[in-house]
Amino acid sequence: MINNENELLGKIPELMKNVKEKSPLTHCITNIVTVNDCANAVLAIGASPIMSNEAEEMEEIINIASALVINIGTLHQSQIKAMKVSSAHATKTKTPITLDPVGVGVSGIRNNTTIDLIENNDIAVIRGNITEIKTIAKLFNVIDENNTAKGVDVCDDDVITTQNLKANGEIIAQTAEKLNTVILASGPIDILSDGKTTIAIHGGDEMMPLITGSGCMLSSIVGSCVGATSPFEGALLAILMMNKAGEKARAKVDENDLGTASFRTFLIDELYKTDAEKLVKESKIEIL
């Protein structure tokens, strides 16, 4: 267990260096709405994306990939087959898997696919909003409270605040421990836990959820960072980079009186321009 925020932040420059030097090949099985944004976000941080949904080539791609990212945003049967084949082979080859359970809780097919992927594979990181994470916690009997999935967005009652931060942190920690994984719940305050160490990450901007793909991009970045580092540290690096890019993109939008389309472009620009030393200095994390 890590007990010092500065110890964690002090690792960021070396972690970023690892990503740049290794340029991990990140295989993303993602949704049709955000596939281009995810690929560009991975490129922006210095990694290399490959996007495929064909089950027949999954094992061959995993053999050369550094990481696998599975996003269930626009599920269909042939994609589910690809997800199962790729995750099974990634588990065999010890290629880290990042799962983004988009909209879990909305339908049976999303619930069943999420359960199947978690139960039958070694998932390194689960990255979702707090409603998605709490739905998984319920599906695996960690909690019994009812929360209603709001499409792919956070249920209003679930939004992470300073008032419910500790309680949500405990749920995430318990779920991470039970599933033997790292969980990153993103929101106004982000929570990261491996079941032993749980931290809150402050930052980001309220414009981020106003574009499609900010969460999907984050999950793809998480996968890339994990592919070059480790699950907990990779997820931390990813959320810090994304939050800071969001803040700087919003500042440019306001400065030039622009809107959400420009914000999307600036977001990728700022991911590309991330400076390790400034990221350490400007980031705020809190061990819960």
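Taking residues in region 193-210 that are in contact (Cβ under 8 Å) with a residue 40 or more places away in the chain, and partners anywhere that are among the basic types (K, R), the pairs with Cβ atoms closer than 6 Å and at least 6 places apart or on different chains are H202/K284; D205/R250; M207/R250.
For the residues G213, G223, G203, G187, the requirement of being over 18 Å from P101 (Cβ atoms) and not hydrophobic (A, V, I, L, M, F, W, C) singles out G203.
Each row is one residue, and each column tells you yes or no for (1) at pLDDT below 95; (2) surrounded by fewer than 24 Cβ atoms within 10 Å (Cβ to Cβ).
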| position | (1), (2) |
| --- | --- |
| V33 | yes, yes |
| S52 | yes, yes |
| K94 | no, yes |
| G103 | yes, no |
| E119 | no, yes |
| I126 | no, no |
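Beta carbons closer than 6 Å, at least 6 apart along the sequence or on distinct chains, pair a first residue in region 111-130 that is under 21 Å from I171 (Cα atoms) with a second that is of a type in the set (G, A, S) and assigned to a helix (DSSP H, G or I) for L117/S87; V125/A235; R127/S219. Taking the conditions exactly as written (crowded, with 16+ Cβ neighbours inside 10 Å, among the basic types (K, R), assigned to a helix (DSSP H, G or I) and at negative phi), does K278 satisfy them or not? So K278 does not fit the description; no. Taking every residue in region 251-274 that is part of a helix (DSSP H, G or I) and pairing it with any residue that is surrounded by 13 or more Cβ atoms within 10 Å (Cβ to Cβ) and charged (D, E, K, R), at least 6 positions away or on another chain, the pairs with Cβ-Cβ distances below 7 Å are F263/R250; F266/K252; E270/K248. Within region 89-110, the set of residues being touching a residue at least 12 places away in the same chain (Cβ under 8 Å) and closer than 21 Å to T229 by Cα comprises H89, A90, T91, T93, K94, T95, P96, I97, T98, L99, D100. Scanning region 249-267 for residues that are surrounded by 19 or more Cβ atoms within 10 Å (Cβ to Cβ) and within 22 Å of the chain's Cα centre (by Cα) yields a count of 6.
The helices (runs of 4 or more DSSP H) found wholly in region 1-88 and carrying at least 2 residues that are more than 14 Å from T113 (Cβ to Cβ), in contact (Cβ under 8 Å) with a residue 60 or more places away in the chain and within 20 Å of the chain's Cα centre (by Cα) occupy 5-9, 12-22, 35-44.
The set of residues from region 171-184 being of a type outside the set (A, V, I, L, M) and either buried (at least 21 other Cβ atoms within 10 Å of the Cβ) or modelled with pLDDT under 95 (or both) comprises T175, T181.
When the criteria are applied in full, R127 meets the requirement of being part of a strand (DSSP E or B), of a type in the set (D, E, K, R) and within 26 Å of N180 (Cβ to Cβ).
At pLDDT 95 or above, assigned to a loop (DSSP other than H, G, I, E, B) and at positive phi: does that describe G195? Against the criterion (at pLDDT 95 or above, assigned to a loop (DSSP other than H, G, I, E, B) and at positive phi), G195 qualifies. Evaluate the following for P188: is it free of Cβ contacts under 8 Å to residues at least 60 places away in the same chain and either under 25 Å from I172 (Cα atoms) or surrounded by fewer than 18 Cβ atoms within 10 Å (Cβ to Cβ) (or both)? Against the criterion (free of Cβ contacts under 8 Å to residues at least 60 places away in the same chain and either under 25 Å from I172 (Cα atoms) or surrounded by fewer than 18 Cβ atoms within 10 Å (Cβ to Cβ) (or both)), P188 qualifies.
Applying the set (1) aromatic (F, W, Y); (2) in contact with a helix residue (DSSP H, G or I) (Cβ under 7 Å, 6 or more places away or on another chain); (3) surrounded by 18 or more Cβ atoms within 10 Å (Cβ to Cβ) to F232 leaves exactly one unmet item: (2).
The values are calculated or read from the model by the stated rules, or taken from the named source; none is laboratory data. Owing to the predicted nature of the structure, the values given are computational and were not obtained by experimental measurement. Ideal geometry is used to build each Cβ from the backbone, glycine not excepted, and the neighbour counts take in all protein chains shown.
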